[in-house]
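The values are calculated or read from the model by the stated rules, or taken from the named source; none is laboratory data. Bear in mind that the values here come from a model prediction, so they are computed numbers and not experimental data. Here the Cβ positions follow ideal geometry from the backbone for every residue, glycine too, while neighbour counts run over all protein chains shown. Side chains included, ligands, DNA and RNA excluded: accessible areas come from the protein's heavy atoms. Shrake-Rupley method; radii C 1.70, N 1.55, O 1.52, S 1.80 Å.
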Amino acid sequence: MSWLFGYRNQDGQSATPDLSQFGVQPPQAPGGGGTPPEDPKLTKAERKAMEAYRFDSSALERAAQAARELEKSRHAKEALELSKLQEATRQQEYQTKIKEYEAHIAQMQVDQKKVEGEEKRKYLQEETRQHQARAQYQDQLSRKRYEDQLAQQQRMNEESLKRQEESVAKQEALRKSTIEHEMDLRHKNEMKRVEAELKAKAKVDRENRDLTLEQIRLKATENRVTVLESIKTAGSVLGTGVTALLTDWNKVLAAAGGFSLLALGVYTAKGATGVTARYIEARLGKPSLVRETSRFSFLDTLRHPIQAFQKLKTSSADALQGVILAPRLEERLRDVAIATKNTKQNRGLYRNILMHGPPGTGKTMFAKKLAKHSNMDYAILTGGDVAPMGREGVTAVHKVFDWATSSRKGLILFIDEADAFLRKRSSENISEDLRATLNAFLYRTGEQSNKFMLVLASNTPEQFDWAVNDRLDEMVEFSLPGLEERERLIRLYFDIFVLQPATQGARRLKVEQFDYGALCSKMAEMTEGMSGREIAKLGVSWQAAAYASEDGVLTEKMVLERVKDSVMQHRQKVEWQSEQERRESKSIYHSEKEESYKPIAITIKEIDEEIENISKHKQSELKEIKKELEEESDTKTKR
């Protein structure tokens with residue numbers, strides 16, 4: 001109902017209801033305007049102040065006119081209801097705004113409490129920080145105070161020690177001076193005593209000079225008479241004996257025969273002693289070059305009787321038992337083992353074998369297994385022991401072969417690292433002693449034997465002398481294990497070093513529950529390029545990891561960590577190889593599994609070797625090639 005009393009809305013206009021739908025026209029302001037004219041001299045603030053106290057009479061007139069028109073209208077009741085509804089709507093809007101305002105005030109209070117809480121928290125944090133800073137400062141002060149006390153105590157100790165050292169030095173100097181003074185006095189007394197003794201002795205000698213000279217003359221006269229009588233007696237005896245011997249020829253013949261028999265006995269005993277010593281050394285002992293042997297020895301039997309008795313009980317076993325290799329290599333080695341065993345049974349001639357390949361691929365192990373399978377003895381030598389022997393190398397080589405030929409069961413002579421002394425005589429700078437040792441070896445292996453079988457092992461077989469290669473009947477390459485072989489090796493060593501000790505119960509070793517079959521397959525893929533010896537060491541590391549743990553339990557994580565460490569170490573060893581070793585390893589470790597192989601480029605040194613080994617009619621051509629290569633290398637060097 002505010003429009004009845006001339007109230008204005010927010011725009012300054014009087015709020016008049018819209019009654020056009022009821023047929024009532026809005027009232028018009030008299031004079032064509034609803035507001036009186038304003039004085040232009042008044043300010044804006046004065047106009048607003050006057051409007052606050054202004055009463056618009058025209059609004060009452062309009063309201064009265066509108067009321068009369070509304071009473072006359074047939075929609076008067078509906079207009080009244082409409083105005084009531086509008087007024088109720090405005091009241092609801094005002095209530096809504098009031099509630100919004102109250103909610104806004106409540107939110108502001110909540111925000112204010114949050115701010116107060118945040119300020120309180122910051123205050124507590126700052127207070128805590130201040131307390132911590134104060135505590136740290138107090139701690140620093142106490143530490144500094146303690147350090148000052150320690151420094152002061154150390155200075156006092158140093159000063160006390162210094163005073164003690166000075167006191168000891170003074171006492172030592174005093175003692176030294178006292179000893180020197182005593183020594184000086186003792187020396188002077190000794191000199192005086194010696195001087196007095198010499199004077200007394202000289203005086204006695206002067207007084208007894210005549211008596212001493214007379215004693216010397218008597219002794220000389222008696223000695224001369226005794227010597228002359230001895231000469232006369234010996235001459236008469238010898239003359240009588242010679243006269244009797246020369247006059248009686250039977251005695252002359254008896255004396256000559258006695259001297260001859262004596263000389264014959266001496267030389268015979270000397271020769272028999274040498275022969276007996278060599279026989280005993282060949283039959284009962286073993287040469288110094290032999291590092292390990294399974295041959296029955298009298299001296300070894302006396303030292304280790306139990307082991308010797310166990311050797312007598314051993315029977316022939318499979319040559320590849322416990323040896324895991326590629327299927328094709330196993331098939332070839334099995335043929336070698338069968339042929340060797342049949343050769344031994346039929347007393348045929350043994351074949352010489354060369355086993356070459358990377359280290360740790362099972363060459364020595366197979367040689368021992370081959371000897372046991374063939375019911376033969378084995379002896380292991382190393383080529384590195386021959387070169388340091390110098391001139392004694394020839395004698396040592398002959399002793400080894402003499403000892404080998406005296407074996408009744410047959411002997412497998414395994415020479416490890418044979419390239420150490422069987423190098424090329426034409427290209428290598430070897431000493432004369434080593435050359436003589438090589439010639440002795442070639443002499444003793446010129447013909448095949450039914451007493452011993454020669455097995456050579458080397459990582460670089462291309463360094464062998466041509467005559468050594470000529471004595472080899474078969475060459476077997478031991479390559480690095482493949483994926484299947486690595487998995488079999490890992491399973492084998494996991495069983496030997498982990499599962500068997502864990503099931504025995506006497507050792508401090510347990511195994512966590514995990515699928516070790518899948519783990520072995522995974523480890524086989526991780527250990528690519530590793531040899532059998534490295535995988536065996538990996539098994540030992542698993543056992544050591546279990547023993548080093550607190551509870552003695554080997555977990556899957558520990559196993560994988562050891563494998564990763566071994567793989568990293570293997571890669572580091574490969575990186576340490578020089579370029580020449582890598583080039584040699586390509587030629588040594590090449591197998592038929594590789595699809596492509598790059599040959600090593602020929603060098604000037606190899607041309608020199610070929611010039612000395614091939615026929616003379618090709619030497620000129622190779623010399624020209626060598627000259628061209630040298631010119632090319634010089635040109636590259638200058639560039």
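How many of the residues making up region 514-530 are in a loop (DSSP other than H, G, I, E, B) and farther than 19 Å from MET568 by Cα? Number of matching residues: 2.
The number of residues in region 311-346 being of a type outside the set (Gly, Ala, Ser), modelled with pLDDT of 85 or more and open to solvent by less than 50 Å² (accessible area, probe 1.4 Å) comes to 6. Whether a residue is touching a strand residue (DSSP E or B) at 6+ places or on another chain (Cβ under 7 Å), of a type outside the set (Lys, Arg), open to solvent by 40 Å² or more (accessible area, probe 1.4 Å) and in contact (Cβ under 8 Å) with a residue 24 or more places away in the chain was assessed, and VAL511 passes this test.
What about GLN577, is it exposed (fewer than 13 other Cβ atoms within 10 Å of the Cβ) and modelled with pLDDT of 60 or more? When the stated conditions are applied, GLN577 passes them. Checking each residue in region 557-566 for being under 10 Å from the mean Cα position of the chain (by Cα) and under 15 Å from ARG486 (Cβ atoms) picks out only SER566. Among the residues of region 400-422, those identified as of a type in the set (Gly, Ala, Ser) and either open to solvent by 10 Å² or more (accessible area, probe 1.4 Å) or in a loop (DSSP other than H, G, I, E, B) (or both) are SER406, SER407, GLY410, ALA420.
Among the residues of region 433-489, those identified as assigned to a helix (DSSP H, G or I), among the polar types (S, T, N, Q) and within 23 Å of VAL290 (Cβ to Cβ) are THR437, ASN439.
Given the structure, is LYS270 modelled with pLDDT under 80, touching a helix residue (DSSP H, G or I) at 6+ places or on another chain (Cβ under 6 Å), open to solvent by 80 Å² or more (accessible area, probe 1.4 Å) and assigned to a helix (DSSP H, G or I)? No, not satisfied. Residue-level check: of (1) modelled with pLDDT under 75; (2) open to solvent by less than 80 Å² (accessible area, probe 1.4 Å), SER230 misses just (1).
Scan region 158-168 and give yes if some residue there is aliphatic (A, V, I, L, M), within 51 Å of the chain's Cα centre (by Cα) and part of a helix (DSSP H, G or I), otherwise no. Yes: region 158-168 contains one or more residues that are aliphatic (A, V, I, L, M), within 51 Å of the chain's Cα centre (by Cα) and part of a helix (DSSP H, G or I). For region 102-138, the set of residues classified as acidic (Asp, Glu) and open to solvent by less than 90 Å² (accessible area, probe 1.4 Å) consists of ASP111, GLU118, GLU126, GLU127, listed by residue number. Collect the residues in region 521-533 that are buried (at least 20 other Cβ atoms within 10 Å of the Cβ) and over 13 Å from SER479 (Cβ atoms), keeping them in residue-number order. Across region 521-533, the qualifying residues are MET523, ALA524, THR527. Scanning region 454-466 for residues that are open to solvent by 20 Å² or more (accessible area, probe 1.4 Å) and farther than 26 Å from SER531 by Cα yields a single hit, TRP466.
Within region 347-397, being open to solvent by 40 Å² or more (accessible area, probe 1.4 Å) and either in contact with a His (Cβ under 8 Å, 6 or more places away or on another chain) or in a loop (DSSP other than H, G, I, E, B) (or both) holds for ARG347, LEU349, ARG351, PRO359, ASN375, ARG391.
Taken over region 32-68, the criterion of being of a type in the set (Asp, Glu), at pLDDT 70 or above and out of contact with any helix residue (DSSP H, G or I) (no Cβ under 9 Å at 6 or more places or on another chain) is satisfied by no residue. Looking at LEU411, LEU422, LEU438, just one residue is among the hydrophobic types (A, V, I, L, M, F, W, C) and within 17 Å of MET376 (Cβ to Cβ), and that residue is LEU411. Just one of the listed residues (LYS77, LYS99) is exposed (fewer than 12 other Cβ atoms within 10 Å of the Cβ) and at pLDDT below 90, and it is LYS77.
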